[in-house]
Each structure stands twice: as C-alpha cells, then as structure tokens.
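Report on one structure; see the data block that follows.
Bear in mind these aren't lab numbers, they're just calculated from the coordinates by the rules spelled out. What you see is a predicted model, and the numbers here were worked out from it, not measured in a lab. So basically every Cβ, Gly included, is an ideal-geometry build from the backbone, and we count neighbours across all protein chains shown.
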Amino acid sequence: MRLFFLKSTLPYDLIFIVQPKFNFEAIESIADNNAAYNLLDAVADSLALNSYAVIDNFLSDQESLDCLEILKENKEQGKFKKAGIGTSNQYQINRSIRGDEIKWLDESNLSAANQVYMDQINAMMRFFNRSLFLSLKDFECHFAHYPTGTFYKRHLDLLKLSDHRVLSFVFYLNPNWQQGDGGELLLYLSENDVEKTVVVNPLLGRLVIFRSELLEHEVALAHKSRYSITGWMLSQFKGTTFL
Ligand code: OGA
Ligand code: MN
C-alpha cells in the first residue's frame, strides 16, 4: 500500500559529472583509467540500488549540439512520425497518452556526432554486462521531439516480456532549458512502499538511465519544443526481437 506521496528534486549525489571529451571506450584498453572506471562503477551502483542514474556532460556541449543539429535536419526533411503506443497489431497513436514524434537512428548512415554517442552507449553497455552481470546484447534509439503542449503520461517501457528492453536511456538536447519550460522527466520510485518522485530536468548533455521493467515515469507537459535521443539496451539482438 502506498502510504503517502513525497516529491523531491534530484538528489545531488546521483548526478555524475563526466568531463567533456571523456571517452568510455578507453576503459576497454587502459586498465588504470580510474576516473572512467569509477564513474561507470558509480552509475552501475546507482542502477542496482536506485534503479536509475543521471550522467551530466555525457558528450561535450559541441557534440551534443551537433546531435541536435542532425535531429533538426531529419525533422526538416520530414522524417519524423507521430509516436504510438503498444506494438504491431495493438499499435495505436493516442495523443492523450503521448504527443511526441520520433525518428529511429539509421545506423548505416550515422553522422560523426551520433557515432560518438553510439560508441559511448556501446562501451557503457559492455561495462554494465561486466559489473552488473547483465547479458545486454544490443541497443536501439530514436530521436524524439515533444512539440509545445505535448507530454507522455505515466507508463512503463516494458509492456510485455517479449519486448527485451532492460535499460532505458534518454539523452537530452535542450541547450537553453529553463525552469518553467516544462518537459521534465518524472521518475516514480518506490521505497518501502512509499512513493517518491524524482524530477529530472532535460538539460543539454544529460543522460538518464533507468530499469525498463521497474520504473514508471512520465514526461511533464512541454511548454517549449523538447528534444532528445531515447533508447533501450536489449537482452536480444535487434534482428531477433521477434523471437
Ligand atoms: C519514452 C520516455 C522519457 C523522456 O520515450 O518512453 O519515457 O524523458 N521518454 O523523454
Ligand atoms: Mn518511457
């Protein structure tokens, strides 16, 4: 039973600051890269203990702005589609549940900034496999745009076991986000049957990661266009998710 409802802002100790140009890939080859190792270790601990983690400056500002640029090019070329809910024959577009539009990243044709992003995510995924004994195989991601006046109601990302989504991650691309712009991510945590809401502001360069099957969350009403790259680390290779 839920006893009462607590609202808090993000606890500072759960925000990790990644130095610009920080390269997670380096931990694969340089055993004594303690800074990278310690950061990813703290992120893995936070995922295990709190079911979520937040990393600031996941890419440098310039790289994040380059990602935003590519997102906007895709939008101008009309490549975004209204996002739906459910899968295959249950798929429907319902603006009273979610109002964003999305474009899946085309891995055969990535821009340089998106490649850096994918490389960091991939290195992080391999780190989680070792530190959390997961067997993540693959990940997928899409650009997302929430136009003014849109939101995504409270939901879980894992709707059925065959979804194979283990960790959800969202990388925010809003350079001048200010209090009052809306579009905050609300994470609903449960601690000893007490529900707590963590508010994550969608700031440029910030990556939030959380457990897909556990954490209910929502995107608050956006009062300005809100941009991100959203993805999932999967327990199956993408081509085999029909299994
Ligand atoms: C989603 C989602 C959160 C966000 O796309 O499933 O919950 O902050 N996104 O954009
Ligand atoms: Mn979601």
For the pair Asn192 and Asp119, what calculated FRET efficiency results from E = 1/(1 + (r/R0)^6), where r is the Cβ-Cβ distance and R0 = 35 Å, to the nearest 0.05? 0.35
Quick one: Cα centre-to-centre distance for the stretch 94-125 and the stretch 199-243, in angstrom? 10
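Neighbour counts of other C-beta atoms within 10 Å: give me His223, His142, His217 arranged from fewest to most.
Details: His223 13, His142 18, His217 22.
In increasing order of surrounding Cβ atoms, one gets His223, His142, His217.
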Average projected area of the Cα convex hull of the stretch 16-234, in nm²? 12.5
Over 25 Å between alpha carbons, listed pairs Lys82/Lys224; Lys82/Lys137; Lys81/Lys238; Lys103/Lys224: Lys82/Lys137
Which aspartates and glutamates, on any chain, are close to Lys153 with Cα under 20 Å apart, when same-chain ones fewer than 8 places away are left out? Asp100, Glu101, Asp163, Asp181, Glu184, Glu195, Glu213, Glu216, Glu218
Tell me which chymotrypsin sites (Phe, Trp or Tyr not before Pro) from the stretch 59-108 have a DSSP coil assignment and no more than 13 other beta carbons within 10 Å of their own. Tyr91
